[in-house]
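Engineer: Let me give you the structure first, and then I'll get to my questions.
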Amino acid sequence: MVSIKSIQLDSISNAKRIVLKVGSALIVNPKTGNINESWVKSLVQDIVFLLKNNKEILIVSSGAIALGKSELNLQNKSLKLSEKQAAAATGQILLAKAWKSKFEKVNIKCGQILVGHSDLETRRNAMNTRATLSTLLKLKVIPIINENDTVATREIRYGDNDQLAARIAQLAEADILVLLSDIDGLYSEDPKISPKAKFIKEIEDISSEIENMARNTKSNIASGGMITKIKAAKIATAGGCNLIIAHGKNKNSLLKLINGGKHSIFKANL
């Protein structure tokens, strides 16, 4: 575990409410199709540190469909929408169980919230969702949030948890959203391909130039890769929330970020 005595990163240190987005490729072992137990355990350790520093944490967690596909032996086929929904229903139980078991070991309670597009885009439903999130946080319960893929259709779903996390951050009036990814931030080009790729540490304005950089930088985790992260950044920053992209595949990656690890930050529109 990373040794740390204080939060070195100002954007985290100054934040009261933090949303963490965890992708499928982080929480699910691609070889087994099961929960990546050691990684989840290390993230929970990181979260405990933040809680001890009086931070409120919300988690947007992918992984249900990936876990369900493994459970139902559907990994090696192209799935129909109904099969994806069945996989989501099956996998969501496994996902919730994994989070609950890890948090129980450190005496922390968590609660599951499944939301659909209409829950966040319809005012009455959005206010109800916000009230539930607020109450859970007051009760010292960590909300574990995912899209309700069991009933959503292609036409009425976010389709990626980057944008869902941004809407949750906006709704919950979070100070910062951290997207744990397979890349450590935004580059001018794909760093895996181009040696000329430049790292962009701080973004204050999401211009067409920044959007073009996203199109040139791919990610293996999220649907749409860096493009969806830029869309998420637009939503979050418009709502007054900073957004960080940081590498998340290694153990204790969140504490490494807190220690001042490499990342890109999109500054909120204040």
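Computed from the coordinates by the stated procedures, all read-outs in this text should not be read as laboratory data. Bear in mind the structure is a predicted one, so any value in this text is a computation, not a measurement. No Cβ is skipped: glycine too gets one built from the backbone with ideal geometry, and neighbour counts run over all protein chains shown.
Engineer: Suppose we keep just the DSSP beta bridges with both residues in the chain; what percent of those would be antiparallel, to 5?
Structural biologist: Details: 7 of 35 bridges.
Restricted to the chain, the bridges split so that about 20 percent are antiparallel.
Engineer: Equivalent-ellipsoid semi-axes (√(5λ), Cα gyration tensor) for region 37-158, whole Å, largest first?
Structural biologist: Values: eigenvalues 140, 87, 17 Å².
One finds semi-axes of 26, 21, 9 Å for region 37-158.
Engineer: Please compute, over every Cα-Cα pair in the chain, the percentage with a separation greater than 33 angstrom.
Structural biologist: Values: 5502 of 36315 pairs.
In whole percent, the share of Cα-Cα pairs in the chain beyond 33 Å is 15.
Engineer: Please list, in chain and number order, the residues 5+ apart from Ile57 or on another chain whose amide H is under 5 Å from its amide H, with Hs placed from the backbone.
Structural biologist: When sequence neighbours closer than 5 places are left aside, the close amide H contacts are Ile18.
Engineer: Here's another thing I want to ask about it. Can you give the FRET efficiency for Phe199 and Thr122, using 1/(1 + (r/R0)^6), R0 = 45 Å, r = Cβ-Cβ distance, to the nearest 0.05? Don't skip to the end; give the middle numbers.
Structural biologist: Details: r = 39 Å, r/R0 = 0.88.
E(calc), rounded to 0.05, equals 0.70.
Engineer: Next up: Give me a comma-separated list of calculated 3J(HN,Hα) values for region 25-30, in order, Karplus coefficients 6.51, -1.76, 1.60 applied at θ = phi - 60°, integers in Hz, x for any Gly or Pro.
Structural biologist: Values, residue by residue: 5, 8, 8, 10, 6, x Hz.
Engineer: Based on Cβ point charges of +1 for Lys and Arg and -1 for Asp and Glu, what charge dipole magnitude is obtained for the chain about its Cα centre, in debye rounded to the nearest 20? Walk me through the numbers before you get to the answer.
Structural biologist: Values: 39 positive and 25 negative charges, 131 e Å.
For this selection, approximately 620 debye.
Engineer: Suppose each label sits 7 Å from its Cα in the direction of the beta carbon; what would the Val141-Lys52 distance come out to in nanometres?
Structural biologist: 2.6
Engineer: Just from its helices, what would the mean residue ellipticity at 222 nm be for the chain, if runs of 4 or more DSSP H residues each count -39500 (n - 2.57) and the sum is divided by every residue, rounded to the nearest 500 deg cm²/dmol? Can you show the working numbers first?
Structural biologist: On the way: 11 runs with 115 residues, N = 270.
Helices in the chain give a 222 nm mean residue ellipticity of -12500 deg cm²/dmol.
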